[in-house]
1. Just to confirm my numbers, what's the Cα centroid distance between region 1-31 and region 70-87 in Å?
2. What spacing in nm lies between the two simple spin-label points modelled at V49 and H87, each 7 Å away from Cα in the Cβ direction?
3. How would S74, S21 line up from fewest to most surrounding beta-carbon atoms within 10 angstrom?
4. Could you tell me the relative contact order of the chain? Use alpha-carbon pairs under 8 Å, at least six residues apart, and round to a whole percent.
5. Counting other Cβ atoms within 10 Å, which GluC sites (Glu not before Pro) in region 1-83 have at most 16 and lie in a DSSP loop?
6. Of all trypsin sites (Lys or Arg not before Pro) in region 32-104, which ones are in loop regions per DSSP and have a Cβ with at most 10 other Cβ atoms within 10 Å?
7. Would you report the distance distribution of C-alpha pairs in the chain as whole percents per 5 angstrom bin, up to the bin with the largest distance?
8. Using the Cα centre of the chain as the reference point, and only Cβ charges (+1 on K/R, -1 on D/E), how large is the resulting charge dipole? Debye, rounded to the nearest 20.
Amino acid sequence: MEAVIATGGKQYRVSPGQVISVEKLPGDKGSPVEFRSVLLVTRDGGEVVAGATALAGARVSGEVVRQGRGRKISVVKFKRRKNYRRHRGHRQAATAVRIMKIEV
């Protein structure tokens, strides 16, 4: 069984047992997480369930595996002939979540 969920302004295709990295969510390691914004579910037989009415009670539950930060990106600003240079780095906060079950 697979599902498409929306969290943090992004969409993720998930299945039970999978570990995904999402935008930072509250909770410590081992705490439960529930995603109620389920966009699509594919059952094992290949049946696709989609639509707001069919997925009104659907939810995907998981647990927090790790709180961390993503890879560092480098932001460089430069203006020619003006002796203007700026360098800044950024690491986005992220949460690793293990998907436990998908309920429709």
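Computed from the coordinates by the stated procedures, all read-outs in this text should not be read as laboratory data. Worth saying up front: this structure is predicted, and the values here are computed from it rather than measured. Backbone-built Cβ (ideal geometry, glycine too); neighbour counts: all protein chains shown.
1. Spelled out, the Cα-based centre of one part sits 33 Å from the other.
2. Calculated label separation equals 5.3 nm.
3. Neighbour counts put them in this order, fewest first: S74, S21.
4. 34
5. E47
6. Hits after loop and neighbour filter: R71, K72, R80, R81, K82.
7. 2, 12, 19, 18, 13, 9, 7, 6, 5, 4, 3, 2, 0
8. With only Lys, Arg, Asp and Glu charged at Cβ, the dipole is about 1720 debye.
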